[in-house]
Number of protein chains: 2
Amino acid sequence: MKLGSLKSPQSMDGELCVVSRDLKTAVKATQVAPSLRVALENWKQHEETLQKIYKDLNDGKATGSFAVNQNDFHSALPRTWLFADGSAFIYHIKLVRMARKAALPETLETVPLMYQGECGQFLAPTEDIPQRDFAHGTDFEGEVAVVTDFVPMGTTPDEALKYIRLFVLVNDVSLRGLIPEELAAGFGFFQSKPASALSPFAVTSDELGDALKEGRIHLPLHVKYNGEFFGKANAGAMHFHFGHLISHAAKTRNLAAGSIIGSGTVSNDKHENGSSCLAEKRMIEQIETGAIKTPFMKNGDTVEMEMFNIQGQSIFGRIFQKVKSV
Amino acid sequence: MKLGSLKSPQSMDGELCVVSRDLKTAVKATQVAPSLRVALENWKQHEETLQKIYKDLNDGKATGSFAVNQNDFHSALPRTWLFADGSAFIYHIKLVRMARKAALPETLETVPLMYQGECGQFLAPTEDIPQRDFAHGTDFEGEVAVVTDFVPMGTTPDEALKYIRLFVLVNDVSLRGLIPEELAAGFGFFQSKPASALSPFAVTSDELGDALKEGRIHLPLHVKYNGEFFGKANAGAMHFHFGHLISHAAKTRNLAAGSIIGSGTVSNDKHENGSSCLAEKRMIEQIETGAIKTPFMKNGDTVEMEMFNIQGQSIFGRIFQKVKSV
């Protein structure tokens, strides 16, 4: 099943929609729950009804269906209670720490890195990334993420996989120029992690088929930068799977229904797969040629993220964002 | 005006109530907005109506008023979109860094420290603090905080003061045993900052009278530990005022209406004022006697936080929490 949140002047949560498998048609499901955020609070009650609407929509039988224009959709979950972003791709950690001359954590392969990001107002998937100052070093980070049900504190990694309700893509906007000073002060990321965007559509596990294995999505994340190929790193390369990340987040707190747990930047050690953020490309340039060539984003630069199933169909719709000086 | 959120089986946001100045009576205001969270999204539309109800309630003229039992109230804002917790009391930073043998940040007096805390499900003000492991080093932190309206990105400190809508107290629960490893890994607090509790009532600036000066509340925060005096540190000693903290939070993002910006642990360098967290008391013991005597919280230990106006009336109601092994 695929779900989205139609932009609405009445609600910052948007209006819950069921979206067809081919992303061509949608139908409002506000009679089930006004928003995806609310639907997630009573998932067991609503899932079957939503799946029935989804079947009807794919069969061309849903009343009130309309043609999808992805620009009319907000981030799949426009706002929620927690965005806990992990860093599950070890190669990404190695490259970015090398870039800022920081040591690798001793617990690199045993304890996931995780910070809490802005979740109260995601950018829409085609909304401009506001840039106040080019010196902030605006970067994108292509990620996969899960949306959980309520998760009780102390849930183990294997149990945690059972609480995954939906999958989404994330463009985790990062301000590289602000990171060193924030991390040096000891409290972690805050200003360096402004509002991110999610993909327009969130999907249930059945949409991923065989690509979903051992808590990881084994598909490439396609990233284009200014319209050109930038990366196709496979998201299956996560060192920690989503169960580990959820369990880490839930070690000392319950997670609210609708919590988003991010993978961190999708990253492979095969350089022909490209990258999912500029910081990695810059570091690879440094390693391979001795000099960084690629600058961070400037006014007008665009980034695009999408993931396709083995039939070549877009799974989550497209994140397409342009940097805009404000 | 004083506002609260009555616990409700129907909504995790609770039901919006107006509460009398003496905290003895309350009346539901769900005809104005279902919850405080929603009221904050249209504050300018609702404030006058709520103030009218407040006047009637204090005059004994409000229809449907009832006697307040503070146990029936949730945290003033049971869940919201952002809890950005600053660390505006320099003396607290000095003591806790001394305790964990960490260097002071170079920007100690120029850039506020701030992290993003759990905001999707605050504990109720009289709810037990769940403790999974005594080795986590459970501590309380008494704080004051503001609740903001929507704040545009880039707002200056002085402008930022205009976006404050409400004031609350916070018990920012901290797990001291988990902090060193988390900070060493470089991503800041996550597991070490579980769910916190707010005071039962949030108040508008007029309730603070002359105590509100230059963006700070110049009143002592009374803290009792296991029923005994623990602290009465004055919250007016903030190095950064709330405008600085809001501006810091809004440097690279808009803040959603209902964002909570915390002061950090209220702390004075006069030791006779006591402390607002165990970590400080332990460090003062170390300095004064060469040895730490006070352990962190264990099953059954209680903490109480309250602030009184110059007439001796409780402003925000009482936070009273007990640690419970789970």
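Some observations on this one:
- Positions within the range A:169-194 being hydrophobic (A, V, I, L, M, F, W, C) and within 14 Å of chain B (Cβ to nearest Cβ), in sequence order: A:173, A:175, A:178, A:179, A:183, A:184, A:185, A:187, A:189, A:190
- Condition met for residue B:122 (touching a Pro at 6+ places or on another chain (Cβ under 7 Å) and not polar (S, T, N, Q)): yes
- Identity of the residue in the range B:94-130, touching a strand residue (DSSP E or B) at 6+ places or on another chain (Cβ under 9 Å) and hydroxyl-bearing (Ser, Thr, Tyr), that ends up farthest from the other protein chains (Cβ to nearest Cβ): B:126
- Cβ-Cβ under 6 Å pairs, at least 6 apart or on other chains, the range A:3-20 side farther than 13 Å from residue A:75 by Cα, far side assigned to a loop (DSSP other than H, G, I, E, B): A:18/A:29
- Of everything listed in (1) open to solvent by 10 Å² or more (accessible area, probe 1.4 Å); (2) more than 14 Å from chain A (Cβ to nearest Cβ), the single unmet condition for residue B:134 is (2).
- Residues that are within 16 Å of the chain's Cα centre (by Cα) and among the aromatic types (Phe, Trp, Tyr), drawn from the range B:196-239: B:201
- Residue A:157 being facing chain B (nearest Cβ under 10 Å) and either surrounded by fewer than 20 Cβ atoms within 10 Å (Cβ to Cβ) or closer than 29 Å to residue A:17 by Cβ (or both): no
- Residue list for the range B:54-67, restricted to those being closer than 26 Å to residue B:148 by Cβ and either hydrophobic (A, V, I, L, M, F, W, C) or open to solvent by less than 20 Å² (accessible area, probe 1.4 Å) (or both): B:54, B:57
- Residue A:172 meets each of the listed conditions (1) acidic (Asp, Glu); (2) open to solvent by 10 Å² or more (accessible area, probe 1.4 Å); (3) touching a residue at least 12 places away in the same chain (Cβ under 8 Å) apart from (2).
- Qualifying residue in the range A:82-95 (condition: closer than 30 Å to residue B:120 by Cα and of a type in the set (S, T, N, Q)): yes
Conditions tested, residue by residue: (1) surrounded by fewer than 22 Cβ atoms within 10 Å (Cβ to Cβ); (2) under 30 Å from residue A:28 (Cβ atoms); (3) out of contact with any helix residue (DSSP H, G or I) (no Cβ under 7 Å at 6 or more places or on another chain); (4) away from chain B (no Cβ under 14 Å).
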{"residue": "A:144", "(1), (2), (3), (4)": "no, yes, no, yes"}
{"residue": "A:150", "(1), (2), (3), (4)": "yes, yes, yes, no"}
{"residue": "A:196", "(1), (2), (3), (4)": "no, yes, yes, no"}
{"residue": "A:201", "(1), (2), (3), (4)": "no, yes, yes, yes"}
{"residue": "A:206", "(1), (2), (3), (4)": "yes, yes, yes, yes"}
{"residue": "A:214", "(1), (2), (3), (4)": "yes, no, yes, yes"}
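- Given (1) within 11 Å of another protein chain (Cβ to nearest Cβ); (2) surrounded by fewer than 22 Cβ atoms within 10 Å (Cβ to Cβ); (3) outside any loop (DSSP other than H, G, I, E, B); (4) in contact (Cβ under 8 Å) with a residue 60 or more places away in the chain, index of the condition residue A:91 fails: (1)
- Condition met for residue B:308 (of a type in the set (Phe, Trp, Tyr), away from every other protein chain (no Cβ under 14 Å) and in contact with a His (Cβ under 8 Å, 6 or more places away or on another chain)): yes
- Filter result for the condition that a residue is away from every other protein chain (no Cβ under 14 Å), open to solvent by 10 Å² or more (accessible area, probe 1.4 Å), under 20 Å from the mean Cα position of the chain (by Cα) and not charged (D, E, K, R), over A:70, A:51: A:70
- Here A:263, A:259, A:267 are screened, and the one residue that is over 30 Å from residue A:43 (Cα atoms) and either hydroxyl-bearing (Ser, Thr, Tyr) or open to solvent by 10 Å² or more (accessible area, probe 1.4 Å) (or both) is A:267.
- Selection of the range A:213-236 for residues being outside any helix (DSSP H, G or I) and free of Cβ contacts under 8 Å to residues at least 40 places away in the same chain yields A:213, A:214, A:216, A:218, A:228, A:234.
- Residue in the range B:102-130 that is least open to solvent (accessible area, probe 1.4 Å), counting only those that are touching a residue at least 60 places away in the same chain (Cβ under 8 Å) and more than 24 Å from residue B:82 (Cα to Cα): B:102
- Scanning the range B:222-249 for residues that are of a type in the set (Val, Ile, Thr) and more than 19 Å from residue B:315 (Cα to Cα) yields a single hit, B:246.
- Every residue from the range B:221-240 that is touching a Lys or Arg at 6+ places or on another chain (Cβ under 6 Å) and surrounded by 20 or more Cβ atoms within 10 Å (Cβ to Cβ): B:222, B:230, B:238
- Restricted to the range B:129-196, the set of strands (runs of 3 or more DSSP E) holding at least 2 residues that are outside the structural domain of residue B:277 (by TED's automatic domain parsing) and modelled with pLDDT under 95 is empty.
The values are calculated or read from the model by the stated rules, or taken from the named source; none is laboratory data. Keep in mind it's a predicted model, so treat the numbers as computed, not measured. In this analysis, Cβ positions are derived from the backbone assuming ideal geometry, glycine residues included, and neighbour counts consider all displayed protein chains. All accessible areas refer to the heavy atoms of the entire protein, side chains included, with ligands and DNA or RNA removed. Shrake-Rupley method; radii C 1.70, N 1.55, O 1.52, S 1.80 Å.
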